[in-house]
Amino acid sequence: MNLLVTGGAGFIGSNLIHHILDRPEITRLVNLDCLTYAGHLENLETVARHPKYAFEKVDLRDKAAVRRVVQQHAVTHVMHLAAESHVDRSITGPDDFIHTNVIGTFNLLEACRELWLGTKSEIRDPKSACRFHHVSTDEVFGSLGPSGCFTETTPYAPNSPYSASKAASDMLVRAYYHTYGLPTIITNCSNNYGPYQFPEKLIPVVIQSVLARRPVPVYGDGLNVRDWLYVRDHAGALWLALTRGKSGETYNIGGHNEWANLRIVELICDVIDELAPRLGGHSRRLISFVKDRPGHDRRYAIDASKIQRELGWMPAHRFEDGIRETVRWYLDNQAWVKKVTAKA
């Protein structure tokens with residue numbers, strides 16, 4: 001397996017590389033990343049000299065460079081995680097989301113199609129050893145009411161430029177399977193949290209605000225609900241999907257952890273009060289409600305029964321335990337936080 005991981009210097013990508021690099025199936029792991037504000041080689045310092053590991057600083061929008069990487073490394077498997085992913089940024093500046101998430105995915109699909117199919121119009125062997133795994137999000141499904149869950153057959157209804165760009169890239173991947181027989185898999189995951197997450201998403205924002213004794217911003221009434229997935233559990237699910245999933249299939253990956261934003265903020269405040277008593281406690285007093293963001297989906301929830309039934313995957317972490325591990329990691333790695341935020 002010559003595995004290409006795109007976005008491997010980012011949050012989920014770096015955790016994935018740490019999780020799978022020593023797998024015996026992998027001959028070579030190539031990390032393609034253009035190192036935007038959210039991608040940091042500091043996340044991978046411990047594997048930088050690993051004999052299986054190689055890094056390519058390449059922008060997915062550069063079609064020729066993407067083609068070179070795929071050809072030069074004789075890529076047989078792809079785990080495509082690279083994406084612009086912050087909803088707020090997509091609202092104020094959607095251009096990068098369209099060019100990276102849609103055009104970048106197209107460029108990668110084309111490079112793989114050229115290498116794997118050659119002059120053929122389609123892959124004839126459905127058991128092809130190659131595999132293109134596209135990592136997506138539950139946000140493509142839109143917003144849920146107070147009950148029910150997203151399944152693999154839920155119609156797409158994206159409500160932000162970010163989710164629309166991911167929905168478009170999902171559809172491209174699907175089209176390349178049905179049109180060319182490219183051996184693809186799509187996974188749609190719920191909100192991730194854990195080590196190495198850039199401090200712009202909810203959980204690290206709350207942690208850093210509490211540590212600095214700044215107001216902790218909560219959108220609207222704080223009752224928007226998300227299903228939360230510990231990033232290291234997600235890494236295990238991604239590997240199973242790549243190696244055991246069926247071409248042409250989609251798998252939802254969720255943590256079975258529905259929490260309202262306000263409850264999460266309160267939990268983090270309480271955990272920090274316990275783990276860092278030097279701050280003086282009473283961190284819930286820092287909670288500050290701010291104007292809701294446009295198009296803020298009310299509730300997401302993932303039905304992950306398909307991947308459990310077919311591939312045997314289950315999340316290993318309870319949300320409360322994962323949050324405690326995450327808070328402890330940020331407390332112990334403030335030097336990393338300062339370095340990556342200074343760079344950004």
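What follows draws every value from the coordinates through simple rules; no lab data is involved. Remember, predicted model here, so these are calculated numbers, not experimental data. Cβ: placed from backbone, ideal geometry, glycine included. Neighbour counts: every protein chain shown.
Details
- Centre separation in Å (Cα based) which lies between region 235-261 and region 131-201: 11
- Stokes-Einstein diffusion coefficient of region 1-79, Kirkwood radius over Cα pairs, 25 °C, 0.890 mPa s, in µm²/s: 198
- Summarising the strand pairing of the chain, around 10 percent of its internal DSSP beta bridges are antiparallel.
- Over region 1-44 - Rg/Rh using Cα atoms and the Kirkwood inverse-distance radius: 0.97
- Principal-axis tilt of helix 231-244 within the chain, Cα atoms, nearest 10 degrees: 20
- The order of Tyr176, Tyr162, Tyr156, going from fewest to most other C-beta atoms within 10 Å of their C-beta, is Tyr156, Tyr176, Tyr162.
- For the pair Ala335 and Glu42 in one chain, pulling the backbone fully straight at 0.36 nm per residue adds 104.4 nm over the alpha carbon distance.
- The alpha-carbon atoms of region 32-149, seen along their principal axes, cover 47, 38, 26 angstrom, with the largest extent given first.
- Cα-Cα P(r), region 223-344, percent of pairs per 5 Å interval: 2, 9, 14, 16, 17, 18, 12, 7, 4, 1, 0
- Gyration tensor (alpha-carbon) shape descriptor, the chain, a/c threshold 1.5: prolate
- Taking the chain and dividing mean pair separation by its residue count, relative contact order in percent (alpha carbons under 8 Å, at least six apart): 18
- Ratio Rg/Rh, restricted to region 160-246 and using Cα atoms, in which Rh is the Kirkwood radius: 1.09
- Cα-based helix-to-principal-axis angle, 319-332 vs the chain, degrees rounded to 10: 80
- Each Lys and Arg Cβ is given +1 and each Asp and Glu Cβ -1; about its Cα centre, the chain then shows a dipole of about 460 debye.
- DSSP bridge pairs, region 189-333: antiparallel proportion in percent, nearest 5: 25
- Between Ala316, Ser143, Gly236, the Cα set farthest toward the positive side of the dipole of the chain (charges on each charged residue's Cβ, about the Cα centre) is that of Gly236.
- Protection proxy ranking of 275-282, 73-80 - average other beta-carbon atoms within 10 Å, highest first: 73-80, 275-282
- Cα shape, region 36-91, gyration tensor, a/c 1.5 rule: oblate
- Legend: residue pairs Lys52/Lys166; Lys166/Lys201; Lys63/Lys166, Cα-Cα distance threshold 28 Å; pairs beyond threshold, Lys52/Lys166.
- Cα-based reach from Lys291 at 15 Å (exclusive), listing aspartates and glutamates while leaving out same-chain residues under 8 positions away: Asp88, Asp221
- Dividing the summed helix terms, -39500 (n - 2.57) for each DSSP H run of n ≥ 4, by the number of residues in the chain produces a 222 nm estimate of -11500 deg cm²/dmol to the nearest 500.
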